[in-house]
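Participant: Attaching a single structure in structure tokens format; questions to follow.
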Amino acid sequence: IIFMGYACRQLGFPGDGFWGAAERMTYFVFFPALLVDKLAFASFAASTALPMAASIMATILVLSACLFLFRPRRLWSGPTFSSVFQGSIRFNTFVGLAAVSALTGQSGVTLAAVAIIAMIPLINLFCVPTVAYFGQGRGAGLLPMVIEIVRNPLILACLAGFTLNLAGIPKPSGLFQVVDLLGRAALPVGLLAVGASLRIASLQTNISALIVSCVVKLIVFPALTALFCLVFQVTGEPKTVAVLFAALPTSVSSFILARQLGGDTTIMASMVTVHTALAAVTMPLMIALLV
């Protein structure tokens, strides 16, 4: 489906204006509907989900610290480092939810929602100041960053779904049939939009930075997450979801943030494209080796 999205974009079908609108609809309507629908009726066990979230968060903390400590100052400019940092820890939610849904079903989507709630605020807390500081754009204050996290539609959808689930209030079947239909559009449209965002022609970039981001995001991140799963005694399906989310390619939103705050947009576009292509091989490999 990702390849179909890329092919359609190259053929100019159904038009360049379609893809931005499709991505916004997926991000603000289809994926939130999917999460609310799955979480409102899910069986939620905090005893397994919270250690899984702790494993992912610990990995993000360790990787972020290592990226700062071992930054090759002479090899990479500030904007280049900021893009490597984003490429190494951000994840593509569209691909993640599609993979989890196919691999584990509804129970996995519930765990994925916990992962989203754990990862998105922490990653933004690190990425926004890093790109603002090392990039060439204007710095971003604390308040805009907090607002961006609080209004994130995926986080809001997860919180709404969990609230409906835990509150035990009646759920109108007619309303949730509508939510279900909207949610079914999330995975195919989201993956088509991912394919349409790929830029093969942009692969003229800092090779060392691209290689480091690929190795860290697609191999080191899932391997370290699996190690922390051992520490926090995470096994079974929660471990599968944790490793899968850790092995995801970087997000298209990384490019948007780099453009807004002065990061290296050329290398960021290359990372999104190369990560997505390589993840077709590395994701199942990491699942096979680490779970």
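Participant: I'd like the projected area of segment 19-111, averaged over all directions, using the convex hull of its alpha carbons. Report it in nm² with one decimal. Can you show the working numbers first?
Facilitator: On the way: hull surface 32.5 nm².
That works out to 8.1 nm².
Participant: Considering only protein heavy atoms, with the full assembly of protein chains and a 1.4 angstrom probe, order ILE169, ILE287 by accessible area, largest first.
Facilitator: Sorted by accessible area, descending: ILE169, ILE287.
Participant: Only Cα pairs under 8 Å and at least 6 apart count here; give the relative contact order of the chain as a rounded whole percent. Don't jump to the answer; show the numbers that get you there.
Facilitator: Details: 434 pairs, mean separation 104.3, N = 291.
Normalised by residue count, the contact order of the chain is 36 percent.
Participant: Filter the DSSP H helices in the chain by two things, a Kyte-Doolittle mean of at least 1.0 and an axial alpha-carbon span of 30 angstrom or more, and list the hits by number. List each step's numbers first, then the result.
Facilitator: Numbers: long enough: 46-69 (34 Å, 1.95); 106-134 (40 Å, 1.76); 265-290 (33 Å, 1.70).
Length and hydropathy pass: 46-69, 106-134, 265-290.
Participant: What net charge is computed for the residues neighbouring THR225, neighbours being all others with C-beta under 15 Å from the C-beta of THR225, Lys and Arg scored +1, Asp and Glu -1? Kindly include the intermediate steps, with their values, before the conclusion.
Facilitator: Numbers: positive: ARG90, LYS217, LYS239; negative: GLU237.
Taking every Cβ under 15 Å from that of THR225, the sum is +2.
Participant: Which value results for Rg/Rh of the chain when Rg is the Cα radius of gyration and Rh the Kirkwood radius based on the inverse mean 1/r?
Facilitator: Details: Rg = 18.4 Å, Rh = 19.2 Å.
My calculation puts Rg/Rh at 0.96.
Participant: Something else about it: Extent of segment 10-71 along each principal axis, from alpha carbon coordinates, in Å, largest to smallest?
Facilitator: Here the Cα extents, ordered largest to smallest, are 44, 43, 16 Å.
Participant: Please give the calculated 222 nm ellipticity per residue for the chain, where each DSSP H segment of at least 4 residues contributes -39500 (n - 2.57) and the sum is spread over every residue; nearest 500 deg cm²/dmol? Please list the in-between numbers first.
Facilitator: Values: 16 runs with 221 residues, N = 291.
Taken over the chain, the calculation gives -24500 deg cm²/dmol.
Participant: Another question about this same structure. So what are the three principal axis dimensions of segment 33-182 from its Cα atoms, in whole Å, longest to shortest?
Facilitator: Extents along the principal axes, in whole Å: 59, 29, 24.
Participant: Which value, to two decimals, describes the C-alpha radius of gyration of segment 150-252 once divided by 2.2 N^0.38 Å? The partial results should precede the final answer.
Facilitator: Numbers: Rg = 18.8 Å, N = 103, 2.2 N^0.38 = 12.8 Å.
Dividing the Cα Rg of segment 150-252 by 2.2 N^0.38 Å gives 1.46.
Participant: Starting from the 7 Å offset along Cα-to-Cβ, what nm value, one decimal, do you get for the label separation of ARG259 and VAL231?
Facilitator: 3.7 nm
Participant: Report, to the nearest whole %, how much of the accessible area of the chain belongs to carbon and sulfur atoms, 1.4 Å probe, protein only. Intermediate results must be reported in sequence, preceding the final value.
Facilitator: Numbers: 9030 of 13040 Å².
Of all accessible area on the chain, carbon and sulfur atoms account for 69 percent.
Participant: Whole number in Å², please: accessible area per residue of the chain, 1.4 Å probe, ligands, DNA and RNA not counted.
Facilitator: 45 Å²
Participant: If you don't mind, there's one more thing I want to ask. How much of LYS239 can a 1.4 Å solvent probe reach, expressed as accessible area in Å² and rounded to 10?
Facilitator: Solvent-accessible area, nearest 10 Å²: 30 Å².
Participant: State the dimensionless ratio Rg/Rh of segment 194-291 (Rg: radius of gyration of Cα atoms; Rh: Kirkwood radius).
Facilitator: Working: Rg = 14.6 Å, Rh = 14.1 Å.
Over the Cα atoms of segment 194-291, Rg/Rh equals 1.03.
Participant: Let me ask something else. Quick one: Cα centre-to-centre distance for segment 93-136 and segment 222-267, in angstrom?
Facilitator: Segment 93-136 and segment 222-267 have Cα centres separated by 7 Å.
The values are calculated or read from the model by the stated rules, or taken from the named source; none is laboratory data. Note that the structure is a prediction, hence the values are computed from the model and not measured. No Cβ is skipped: glycine too gets one built from the backbone with ideal geometry, and neighbour counts run over all protein chains shown. For the accessible areas, the whole protein counts, side chains as well, though only heavy atoms, and no ligand, DNA or RNA atoms are used. Shrake-Rupley method; radii C 1.70, N 1.55, O 1.52, S 1.80 Å.
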